[in-house]
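The structure appears below as structure tokens.
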Amino acid sequence: MPAEARPPLPPFTHATAAQKVRMAEDGWNSRDPQRVAMAYTADSRWRNRSEFPQGREQIGEFLAHKWQREQQYRLIKELWAYDGNRIAVRFAYEWHDANGQWYRSYGNENWEFDEHGLMQARHASINDLPIREEQRLFHWPQGRRPDDHPGLSELGL
């Protein structure tokens with residue numbers, strides 16, 4: 001197995017797809033752009049709203065900018081479907097802007113992996129809903145979501 005490999009590897013089962021989703025959630029909640037970028041192939045292609053980063057360097061730059069803008073970022077991902085080397089997820093994350101306005105961003109992602117478990121394509125569709133601070137549902141300390149924290153389905157999202 002190459003040093004760059006990111007198990008679990010395709011083809012995915014329900015258990016390995018769910019594990020891959022949680023690993024991605026944990027990575028994004030770290031808010032470490034370089035750590036997250038290493039989960040993608042060197043030439044990975046993204047569609048994220050109206051931005052189209054390609055390759056690890058652009059992905060890392062995109063994420064660094066994103067997490068400067070989206071403060072107090074907390075994310076939950078949930079497996080939606082899987083087949084072979086593809087996984088579909090739904091997600092929600094909460095954050096606030098520089099003015100203190102809170103948002104809950106909802107979306108769906110389609111992922112495609114290479115044989116080494118690195119993501120080679122990511123297509124994301126995302127909508128932002130302004131919320132009041134008292135409407136927030138994601139209150140764990142910055143970083144990994146605790147195992148006992150409810151997921152999207154349990155929260156009715």
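The values are calculated or read from the model by the stated rules, or taken from the named source; none is laboratory data. Just so we're clear, the structure is a prediction, and the values are computed from it rather than from any experiment. Cβ sites come from the backbone with ideal geometry, for glycine too, and all protein chains shown count toward neighbours.
Points to keep in mind about this one:
- If you check His139, His116, His149, His96 for being closer than 27 Å to Gly55 by Cβ and modelled with pLDDT of 95 or more, only one passes: His116.
- Some residue of region 34-45 being in a helix (DSSP H, G or I) and surrounded by fewer than 18 Cβ atoms within 10 Å (Cβ to Cβ): yes
- Per-region count, region 95-124, residues in a strand (DSSP E or B) and farther than 19 Å from Arg22 by Cα: 5
- Summed over region 49-66, residues that are surrounded by fewer than 19 Cβ atoms within 10 Å (Cβ to Cβ) and in contact with a helix residue (DSSP H, G or I) (Cβ under 7 Å, 6 or more places away or on another chain) total 2.
- The one condition in (1) more than 12 Å from the chain's Cα centre (by Cα); (2) outside any helix (DSSP H, G or I) that Ala64 fails to fulfil: (2)
- Whether a residue is basic (Lys, Arg) and part of a strand (DSSP E or B) was assessed, and Arg145 does not pass this test.
- Residue, surrounded by the most Cβ atoms within 10 Å (Cβ to Cβ), within region 121-139, restricted to residues that are in contact with a Lys or Arg (Cβ under 7 Å, 6 or more places away or on another chain) and in contact (Cβ under 8 Å) with a residue 40 or more places away in the chain: Phe138
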